[in-house]
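Worksheet for the structure shown next.
Coordinate-derived values only; no laboratory data. Please read all numbers here as calculations on a predicted model, not as lab measurements.
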């Protein structure tokens, strides 16, 4: 498979808002409602939210 940039990476590189909630937040909340603990996904979600917020402040 050839190297490629994901849509979120492209958005980040082009300083557009990241789709963190749609891609990670909503599924994570649904999992929690079902009693499923996803600590690694939760960590990624928090890191992406942080990066998105920092990027918005820099503009």
Report the gain in length on full extension from residue 44 to residue 29: 0.36 nm times residue separation, minus Cα-Cα distance, nm rounded to one decimal. 4.0 nm
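How high is the relative contact order of the chain, in percent, counting Cα pairs under 8 Å that sit 6 or more residues apart? Kindly include the intermediate steps, with their values, before the conclusion.
Numbers: 22 pairs, mean separation 20.9, N = 59.
It rounds to 35 percent for the chain.
Does the chain classify as rounded, prolate or oblate by the C-alpha gyration tensor (a ≥ b ≥ c root eigenvalues; a/c under 1.5 gives rounded; else a/b over b/c gives prolate, otherwise oblate)? Before the final figure, lay out the partial values.
Values: a/c = 2.58, a/b = 1.52, b/c = 1.70.
Judged from the Cα gyration tensor, the chain comes out oblate (a/c at least 1.5, b/c at or above a/b).
Run lengths n ≥ 4 of DSSP H only: what is the helix-derived mean residue ellipticity at 222 nm for the chain, with -39500 (n - 2.57) per run over all residues, to the nearest 500?
The helix-only estimate for the chain comes to -18500 deg cm²/dmol at 222 nm.
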C-alpha long axis of helix 39-58 to longest principal axis of the chain, angle in °: 30 degrees
